[in-house]
1. Here are 221, 240, 177: which of them is crowded, with 18+ Cβ neighbours inside 10 Å, in contact (Cβ under 8 Å) with a residue 24 or more places away in the chain, over 15 Å from residue 261 (Cα atoms) and touching a helix residue (DSSP H, G or I) at 6+ places or on another chain (Cβ under 7 Å)?
2. Please state which one of 301, 285, 281 is closer than 28 Å to residue 29 by Cβ, surrounded by fewer than 19 Cβ atoms within 10 Å (Cβ to Cβ) and more than 15 Å from the ligand (Cβ to nearest atom).
3. Which ones in the range 1-43 are surrounded by fewer than 13 Cβ atoms within 10 Å (Cβ to Cβ) and under 24 Å from residue 239 (Cα atoms)?
4. Quick check on the range 261-278: of everything there that is more than 12 Å from residue 20 (Cα to Cα) and in a helix (DSSP H, G or I), which residue is nearest to the chain's Cα centre (by Cα)?
5. Residues in the range 224-237 that are in contact with a helix residue (DSSP H, G or I) (Cβ under 6 Å, 6 or more places away or on another chain) and surrounded by fewer than 21 Cβ atoms within 10 Å (Cβ to Cβ): how many?
6. Name every residue in the range 1-56 that is out of contact with any helix residue (DSSP H, G or I) (no Cβ under 7 Å at 6 or more places or on another chain), within 15 Å of the ligand (Cβ to nearest atom) and in a loop (DSSP other than H, G, I, E, B), in order of residue number.
7. Kindly indicate whether residue 42 is touching a strand residue (DSSP E or B) at 6+ places or on another chain (Cβ under 8 Å) and more than 20 Å from residue 269 (Cα to Cα).
8. Of the residues in the range 118-143, how many are touching a residue at least 12 places away in the same chain (Cβ under 8 Å) and either touching a strand residue (DSSP E or B) at 6+ places or on another chain (Cβ under 9 Å) or within 15 Å of residue 166 (Cβ to Cβ) (or both)?
Ligand SMILES: Cc1cc2nc3c(=O)[nH]c(=O)nc-3n(C[C@H](O)[C@H](O)[C@H](O)COP(=O)(O)O)c2cc1C
């Protein structure tokens, strides 16, 4: 018998738990040249803001010995062009897609999300709350429980479908932020976004990113992400989408054992864009080997000492 890879989050069914992470495959156009997007559990778009953004000047990515640093600066086409030019493409490809939304004020989140509420095919929104809030002097929404709750609650009022809050790992107590998102009305959590880091050129004494710092991603952050997923799983009842350094099926199994219902693949796409498709195949083989009939049997099954 072929094991069942279907999962459900907030009443929405997905063919499998493997999604792409925001910012790592744009709006799906390049991936679609390689394989049908419908093979994915879901595609998560690049963060969309109210107005188009060019992002930070180059260099905005840098390789380090222990992962990739990026400070793209939310370069994106803006909500108007997304709805007009990018969304029809995703619809054509019959893939589930989740729109990631970013903003620097609560009003910006609300404006973008209310626009998306009018678009039938948007399955879910993922709120990137790791952006600096200009009203609050640059403090990240996701670093503050009260702001997290306020932002999620404001969006929930205008977007009646499932809402995911994507949590930042750059906090002291991630469970406190998870509970604030739940209180605000989030239906699920994505855990985690990138970890703040930097890298320097020792000849010029300059940071290797024009933004001076960036977000660390890739396999180096996987152990941090696993621990955070497990903490959130134990402290909050919302379903979790695990993210951070996933590059093969065994990484996915670890995330699900720690409590994730689904996962997203980011940096690994830059190394091999076929990673999600390979993981789906390998995950089926693993479940067969373990004589499991459904991938959901893995969720939260960590056996702690
Ligand atoms: C180049 C790049 C751009 C990213 N852009 C976004 C973004 O626009 N919005 C967002 O929520 N996360 C963004 N992320 C974070 C990823 O979605 C993901 O949370 C992070 O990379 C950790 O997963 P990974 O280790 O599998 O890459 C970006 C990551 C990378 C590497």
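1. On the way: 221 fails: touching a helix residue (DSSP H, G or I) at 6+ places or on another chain (Cβ under 7 Å); 240 fails: over 15 Å from residue 261 (Cα atoms).
Answer to the check: 177.
2. Values: 301 fails: closer than 28 Å to residue 29 by Cβ; 285 fails: closer than 28 Å to residue 29 by Cβ.
Being closer than 28 Å to residue 29 by Cβ, surrounded by fewer than 19 Cβ atoms within 10 Å (Cβ to Cβ) and more than 15 Å from the ligand (Cβ to nearest atom) holds for just one of 301, 285, 281, which is 281.
3. Looking only at the range 1-43, we keep the residues that are surrounded by fewer than 13 Cβ atoms within 10 Å (Cβ to Cβ), and these are 1-2, 8, 11, 13, 30, 33-34, 36, 38.
Listed by number, the residues that qualify are 8, 11, 13, 38.
4. Of the residues in the range 261-278, the ones more than 12 Å from residue 20 (Cα to Cα) are 261, 271-272, 278.
After this cut, where a residue has to be in a helix (DSSP H, G or I) as well, the list is 271, 278.
Numbers: 271: 18, 278: 20 Å.
It comes out as 271.
5. Number satisfying all stated conditions: 2.
6. Once the filter is applied, which keeps residues that are out of contact with any helix residue (DSSP H, G or I) (no Cβ under 7 Å at 6 or more places or on another chain), within 15 Å of the ligand (Cβ to nearest atom) and in a loop (DSSP other than H, G, I, E, B), the range 1-56 yields 21, 22, 23, 26, 30, 41, 45, 46, 47, 54, 55, 56.
7. Working: touching a strand residue (DSSP E or B) at 6+ places or on another chain (Cβ under 8 Å): yes; more than 20 Å from residue 269 (Cα to Cα): no.
In short, no.
8. Pass one, the range 118-143, residues touching a residue at least 12 places away in the same chain (Cβ under 8 Å): 119, 121-135, 140-143.
Narrowing further to those that are either touching a strand residue (DSSP E or B) at 6+ places or on another chain (Cβ under 9 Å) or within 15 Å of residue 166 (Cβ to Cβ) (or both): 119, 121-133, 140-143.
Number satisfying all stated conditions: 18.
Every number in this text was worked out from the coordinates using simple rules, so none of it is lab data. Since we're looking at a predicted model, the values are computed, not measured. Glycine gets a Cβ as well: all are built from the backbone with ideal geometry, and neighbour counts include every protein chain shown.
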